[in-house]
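*Asks:* Have a look at this one before I ask anything.
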Amino acid sequence: MDLELKRIRVRHDTTDGLLQLSNRLICNTAEYTPRCLENGKYEVKIQLDNAQKRVHLLIIRSNGRKAVGEFVAGNGVFKLKSGSIIVGDYVTWGLCIRSERRFNELTEMFVECLKKNEKIFLEIV
């Protein structure tokens, strides 16, 4: 699966984007501009955290093994860790709603890919 994150609004503090699959909108994104990932190609992997009963959607450089960011559910960008990308429905600069729903939908899409032994790639432009 090849996802594309198109950054459409960049301000000094917030970056808003569109997460797409084959030019079809999956959801909106929000990032904290000073901690945004660089444009480029990444791989996305699922990591289960049994202790916290959570799923992590890790973003990994395509030539590395270490996670450099992750997709997260949330509303505002200012408390994000470096490289984190909020998914949801756009409201205003740096703010998404229905984030948990979009995160769960994204997780389901990724699980289906894993069942088919497909890798998941993310290109940020």
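The values are calculated or read from the model by the stated rules, or taken from the named source; none is laboratory data. This one's a predicted model, so the numbers in the text were calculated from it and none came from an experiment. Each accessible area value is taken on the protein alone, full model and side chains, heavy atoms only, with ligands, DNA and RNA left out. Shrake-Rupley method; radii C 1.70, N 1.55, O 1.52, S 1.80 Å.
*Asks:* Let me check something: with ligands and nucleic acids excluded, how do 45, 53, 119 order by accessible area (1.4 Å probe), largest to smallest? Can you show the working numbers first?
*Replies:* Values: 45 95, 53 180, 119 120 Å².
I get 53, 119, 45, largest accessible area first.
*Asks:* Please report the Cα spread of segment 63-117 along all three principal axes, rounded to whole Å, starting with the longest.
*Replies:* 37, 25, 12
*Asks:* Follow-up question, since we're still on this one. Taking the alpha-carbon set of the chain, what are its Rg and Dmax in Å?
*Replies:* 13.4, 40
*Asks:* Taking amide H positions as placed in the peptide plane 1.01 Å from N, state which residues far from residue 72 in sequence (5 or more) or on other chains have amide H under 5 Å from it.
*Replies:* When sequence neighbours closer than 5 places are left aside, the close amide H contacts are 85, 86, 87.
*Asks:* Tell me, what ³J(HN,Hα) does each residue in segment 26-39 have, in order and in whole Hz, if you take phi through Karplus 6.51 cos²θ - 1.76 cosθ + 1.60 with θ = phi - 60° and put x for Gly and Pro?
*Replies:* Running phi through 6.51 cos²θ - 1.76 cosθ + 1.60 with θ = phi - 60° gives 9, 6, 8, 9, 9, 9, 8, 3, x, 10, 5, 5, 5, 4 Hz.
*Asks:* Moving on. With θ set to phi - 60° and the Karplus curve 6.51 cos²θ - 1.76 cosθ + 1.60, what are the ³J(HN,Hα) couplings of segment 50-66 in order, to the nearest whole Hz, using x for Gly and Pro?
*Replies:* Values per residue, Gly and Pro as x: 5, 5, 9, 6, 10, 10, 10, 9, 7, 10, 10, 4, 5, 10, x, 10, 8 Hz.
*Asks:* Another question, if that's okay. Using amide H atoms built in the peptide plane, which far-off residues or other-chain residues are under 5 Å from residue 27 H to H?
*Replies:* Placed amide hydrogens put 19 under 5 Å from residue 27.
*Asks:* On to the next question. With θ set to phi - 60° and the Karplus curve 6.51 cos²θ - 1.76 cosθ + 1.60, what are the ³J(HN,Hα) couplings of segment 11-21 in order, to the nearest whole Hz, using x for Gly and Pro?
*Replies:* Here the 3J(HN,Hα) series is 10, 5, 10, 10, 10, 10, x, 10, 9, 10, 10 Hz.
*Asks:* Got the relative contact order for the chain handy, in percent, Cα pairs under 8 Å and 6 or more residues apart?
*Replies:* 29 percent
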